[in-house]
Amino acid sequence: LERLRFLQHLMPLVFVTVCYRLIKPRHGLSSKYPEFLLVAEIQAFTGASLGYLVASLSPDAEVATLLAPIFVFPMILLGGLYANVGAIPVEARWINKVNPIYYAFQAISIAEWADYGDIGGFPKVFATGNDVLDFFSLHERSFEANLWRLGCVGLGLRSAVLLVLALAAGNPGLLPVVPEDAATANPVAAQ
């Protein structure tokens, strides 16, 4: 179990280290790396929580594998990776209230672009990093607020997992367990 916890923290570290070096940010490799790593760690926790929830709702691994895309694809499509968050239909925006990809993408975007300054280059589409955030509607809240919400979504998912498992196991600590003979007895006939 300790080895699994170690791997759960090692994978985001390796992923962020490799990816961050590949993108070669103009403001230097070390200045935004801690923010990227922190978002990746919290996103890994939240992603694992979502996986646990899907697994706890499923009778077996095959069903969990089939259910996972139903939960994940809307989050990917509406999280800001493929479409401008401001262009998402109002009817579908509620998904982003519980979408960990939305909060992680917004946090990483703010960490990268908020204090970027003059972008330069050709063609000159954006003058500053704040213009990038405004164009993609990613300036709703601060980096810290997105981290907080991402962590809360992860904790909420873990709490949902505990609730589902407690309901499935008949845990007397959460819900009263009715003995089998009382559950099958006919209350009308007993009168």
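The values are calculated or read from the model by the stated rules, or taken from the named source; none is laboratory data. All values reported here derive from a predicted model rather than from experimental measurement. Counting neighbours? That spans all protein chains shown, and the Cβs are built from the backbone with ideal geometry, glycine included. The protein model used for the area step is the full one, side chains on, heavy atoms only, and it has no ligands, DNA or RNA in it. Shrake-Rupley method; radii C 1.70, N 1.55, O 1.52, S 1.80 Å.
If ASP115 meets every condition in (1) under 30 Å from LEU162 (Cα atoms); (2) of a type in the set (Asp, Glu); (3) not in a helix (DSSP H, G or I) apart from one, which number is that one?
All conditions pass for ASP115, except number (1).
Any residue at all in the range 22-29 that's under 30 Å from GLY117 (Cα atoms), among the β-branched types (Val, Ile, Thr) and loosely packed, with under 13 Cβ neighbours inside 10 Å?
Within the range 22-29, the subset under 30 Å from GLY117 (Cα atoms) is 22-29.
Then drop every residue that is not among the β-branched types (Val, Ile, Thr), which leaves 23.
Filter once more, so that each one left must be loosely packed, with under 13 Cβ neighbours inside 10 Å: 23.
Yes, the range 22-29 contains at least one residue that is under 30 Å from GLY117 (Cα atoms), among the β-branched types (Val, Ile, Thr) and loosely packed, with under 13 Cβ neighbours inside 10 Å.
Only residues in the range 41-52 that are over 21 Å from ILE70 (Cβ atoms) count as the first member; pair them with residues that are of a type in the set (Lys, Arg), Cβ under 9 angstrom, at least 6 apart or cross-chain, and list the lot.
Partner pairs satisfying both residue conditions: PHE45/ARG158.
Only one of these is touching an Asp or Glu at 6+ places or on another chain (Cβ under 9 Å) and in a helix (DSSP H, G or I): VAL132, VAL125. Name it.
Working: VAL125 fails: in a helix (DSSP H, G or I).
One residue alone meets the criteria, VAL132.
Residue-by-condition table, conditions (1) of a type in the set (D, E, K, R); (2) open to solvent by 70 Å² or more (accessible area, probe 1.4 Å); (3) modelled with pLDDT under 85:
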site: GLU91; (1), (2), (3): yes, yes, no
site: ASN96; (1), (2), (3): no, no, no
site: PHE105; (1), (2), (3): no, no, no
site: SER109; (1), (2), (3): no, no, no
site: ALA114; (1), (2), (3): no, no, yes
site: ILE119; (1), (2), (3): no, no, yes
site: PHE122; (1), (2), (3): no, yes, yes
site: VAL125; (1), (2), (3): no, yes, yes
site: GLY129; (1), (2), (3): no, no, yes
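Among the residues of the range 47-60, is there at least one that is closer than 16 Å to VAL153 by Cα, in a loop (DSSP other than H, G, I, E, B) and open to solvent by less than 50 Å² (accessible area, probe 1.4 Å)? Walk me through how you get there before you give the answer.
Just the residues of the range 47-60 that are closer than 16 Å to VAL153 by Cα, to begin with: 47-54.
With the extra rule that they be in a loop (DSSP other than H, G, I, E, B), the set shrinks to none.
No; the residues of the range 47-60 include none that is closer than 16 Å to VAL153 by Cα, in a loop (DSSP other than H, G, I, E, B) and open to solvent by less than 50 Å² (accessible area, probe 1.4 Å).
With ARG158, ARG141, ARG149 as the choices, which residue is on the phi < 0 side of the Ramachandran plot, out of contact with any strand residue (DSSP E or B) (no Cβ under 7 Å at 6 or more places or on another chain) and part of a loop (DSSP other than H, G, I, E, B)? Talk me through it step by step, then tell me what you get.
Values: ARG158 fails: part of a loop (DSSP other than H, G, I, E, B); ARG149 fails: part of a loop (DSSP other than H, G, I, E, B).
Criteria check complete, one pass: ARG141.
What residue, among those in the range 9-44 that are in contact with a Phe, Trp or Tyr (Cβ under 8 Å, 6 or more places away or on another chain) and of a type in the set (Phe, Trp, Tyr), is modelled with the lowest pLDDT?
For the range 9-44, the residue satisfying everything is TYR20.
Looking at VAL54, VAL63 in this structure, which one is in contact with a Leu (Cβ under 6 Å, 6 or more places away or on another chain) and over 30 Å from TYR33 (Cβ atoms)?
Working: VAL63 fails: in contact with a Leu (Cβ under 6 Å, 6 or more places away or on another chain).
Answer to the check: VAL54.
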